[in-house]
1. Give Ala441, Ala419 a once-over and let me know the one that is in contact with a strand residue (DSSP E or B) (Cβ under 9 Å, 6 or more places away or on another chain), closer than 18 Å to Gly341 by Cα and free of Cβ contacts under 8 Å to residues at least 24 places away in the same chain.
2. I'm trying to understand the selection: among the residues of the range 144-168, which are at pLDDT 90 or above and part of a loop (DSSP other than H, G, I, E, B)?
3. For the range 401-414, which residues satisfy the criterion of being more than 18 Å from Arg359 (Cα to Cα) and buried (at least 18 other Cβ atoms within 10 Å of the Cβ)?
4. Would you tally the residues in the range 57-74 being touching a residue at least 24 places away in the same chain (Cβ under 8 Å) and either in contact with a helix residue (DSSP H, G or I) (Cβ under 8 Å, 6 or more places away or on another chain) or farther than 23 Å from Gly149 by Cβ (or both)?
5. Are there any pairs, at least 6 apart or on different chains, whose C-beta atoms fall under 6 Å, with the first in the range 240-259 and farther than 17 Å from Gln213 by Cα and the second modelled with pLDDT under 85 and loosely packed, with under 15 Cβ neighbours inside 10 Å, and if so, which?
6. Quick one: in the range 292-313, of everything that is small (Gly, Ala, Ser) and assigned to a loop (DSSP other than H, G, I, E, B), which residue is nearest to the chain's Cα centre (by Cα)?
7. Being touching a residue at least 24 places away in the same chain (Cβ under 8 Å), over 20 Å from Gly44 (Cβ atoms) and in a loop (DSSP other than H, G, I, E, B) is the filter here; which residues of the range 77-99 pass it?
8. Considering only the range 212-230, I want to know if a residue exists there that is assigned to a strand (DSSP E or B), under 26 Å from the mean Cα position of the chain (by Cα) and under 17 Å from Lys281 (Cβ atoms).
Amino acid sequence: MGLVTFALLAFTQEAHARPFLPILQKEKLVATDRMLDIAIEGDGYFQATNSCGDCLYTRVGRLHRNVQGSLETSEGYLLSPQITVPETATAVVVASDGLVHALVPNHKPQPLGQILLYRFAHPQHLLPFERGYEVETHESGPPKVSKPGKNGAGKFRQRAINVPPITTFPRIQRGTLQVTGKQFDLAIEGAGFFRVTTPAGETLFTRYGRFQQDAKGLLVTAEGYHLKPQLAVPLNPVGGVAVCLDGTVTAVVREDFNEAVLVGYLTVARFPNPGDLVKAKGSYYKESKQSGAAIESDPGSRNVGIVRQGYLDRTSYIPLQPESQFVPTARCFDLAIEGQGFFEVQTPAGERRFTRRGRFHVNTDGMLETRDGYLLQPPVALRLDTVAVSIEPDGTVRTQVKSQKEPVRAGQIALARFADPSGLGQVNEYYFEPSKFSGPAKRLVLGTNGTDKVWQGFLERPLQGAGGRN
């Protein structure tokens, strides 16, 4: 799922609180001696399902038995395929091939099922959903179900757990639904978009669900865009209007409150690759060839969120914020920009380029550069004996080296801004150049007077290129 949200970051502003991220971080397997801790030795993910029906993937196998006896993760997500442990069981045994048995007094070990692994052709393209969980994307490919220990899949180790890198790294806030109490304020909890049509007949998509009735009772946005499919809600129903989690809309029209009339059903649009939707204006987006065509789905169905009445998703429309989401990566040289700025880089031919794609690494000369070999400007050089790096929100780069106990200041990351970034000329997918429409680049001092900041260990996943002219 490519969930389309905007991340509101709540980080401390104190420089000394920023963690130093080791340049090389690997997942660790730790013995715990806890019966329902299960580690994966090798390739693969557990699959779990949340209350919205989203399929999530994790390598953190800290399981619990819920009140119904089913195994679930620490966050309450049901393990899939479902394993139910009887109340009479005194112990659970998980073999390396995923076969699960319950030990019941005076009985032979009782088989409960098999825990399976899920593998992806390109797991590096999974999209982080929250700490420890990821969802599939078009780029990752669909999950392939595998039996542990077969055809290259990993195997299980009971009483141990996989600990992901940077376990104390700050977590992106996801709880951004705001209670309004208004009957036509609707929020999608999970993946998906509302589909609306403009007076000119153009189809747009939004997550900002503030609707109202027009003169005919049809639900429209503040701009007069009609919600699709159209719902003719009775005007001033005596008992109000109810929108269920699955999108069923009813209204009570009789004064005795004994009869609710079915108005219709809301649907939610999802996309194979929502990260490639094109920004239209405000909180509205258009589908593109890269995003794929909209798929109309029932709220709460597979990979689609539920509808909350009387709520608004405050992250769905944040004026003057970049139309993007921040994805936690815990990689030392991944940087996300909070604000409207760009990284300046220099090509091997000496050309200036600008990008918001902050995936950097250290080259053989100790210089920060992009994957394309474009040097960050102004240059930041690291000593070759550097073991960890901390990058402050104001761009200050500090390093820890083997030969010194105290951190060393290694440089300063700067950003550039433009009078009209939509006028930048697009060189390719990630890189832009100034034009007469954008105006020249202006360097920023980060973090002062509300200006832009950079966040280490995150990447921005843009919904569209910043430039609008070629």
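1. Values: Ala441 fails: free of Cβ contacts under 8 Å to residues at least 24 places away in the same chain.
Of the residues listed, the single one that is in contact with a strand residue (DSSP E or B) (Cβ under 9 Å, 6 or more places away or on another chain), closer than 18 Å to Gly341 by Cα and free of Cβ contacts under 8 Å to residues at least 24 places away in the same chain is Ala419.
2. Of everything in the range 144-168, those that are at pLDDT 90 or above and part of a loop (DSSP other than H, G, I, E, B) turn out to be Lys147, Pro148, Gly149, Lys150, Asn151, Gly152, Ala153, Gly154, Arg159.
3. We begin by selecting, within the range 401-414, every residue more than 18 Å from Arg359 (Cα to Cα); these are 401-410.
Of everything in the range 401-414, just one residue is more than 18 Å from Arg359 (Cα to Cα) and buried (at least 18 other Cβ atoms within 10 Å of the Cβ), namely Ala410.
4. Taking the range 57-74 and keeping what is touching a residue at least 24 places away in the same chain (Cβ under 8 Å), we get 57-65, 71-73.
Checking which are either in contact with a helix residue (DSSP H, G or I) (Cβ under 8 Å, 6 or more places away or on another chain) or farther than 23 Å from Gly149 by Cβ (or both) leaves us with 64-65, 72.
Number satisfying all stated conditions: 3.
5. Once the first residue is farther than 17 Å from Gln213 by Cα and sits in the range 240-259, its partners that are modelled with pLDDT under 85 and loosely packed, with under 15 Cβ neighbours inside 10 Å give Glu255/Val238.
6. First pass over the range 292-313, keeping only residues small (Gly, Ala, Ser): 292-294, 297, 300-301, 305, 310.
Now drop any that are not assigned to a loop (DSSP other than H, G, I, E, B), which leaves 292-294, 300-301, 305, 310.
Working: Gly292: 19, Ala293: 21, Ala294: 19, Gly300: 18, Ser301: 19, Gly305: 14, Gly310: 24 Å.
It comes out as Gly305.
7. Answer for the range 77-99, where residues must be touching a residue at least 24 places away in the same chain (Cβ under 8 Å), over 20 Å from Gly44 (Cβ atoms) and in a loop (DSSP other than H, G, I, E, B): Val85, Pro86.
8. Looking for residues that are assigned to a strand (DSSP E or B), under 26 Å from the mean Cα position of the chain (by Cα) and under 17 Å from Lys281 (Cβ atoms), one finds none in the range 212-230, hence no.
The values are calculated or read from the model by the stated rules, or taken from the named source; none is laboratory data. No experiment lies behind these values; they were computed from the predicted model shown. When we count neighbours, we look across all protein chains shown, and the Cβ atoms used for this are built from the backbone with ideal geometry, even at glycine.
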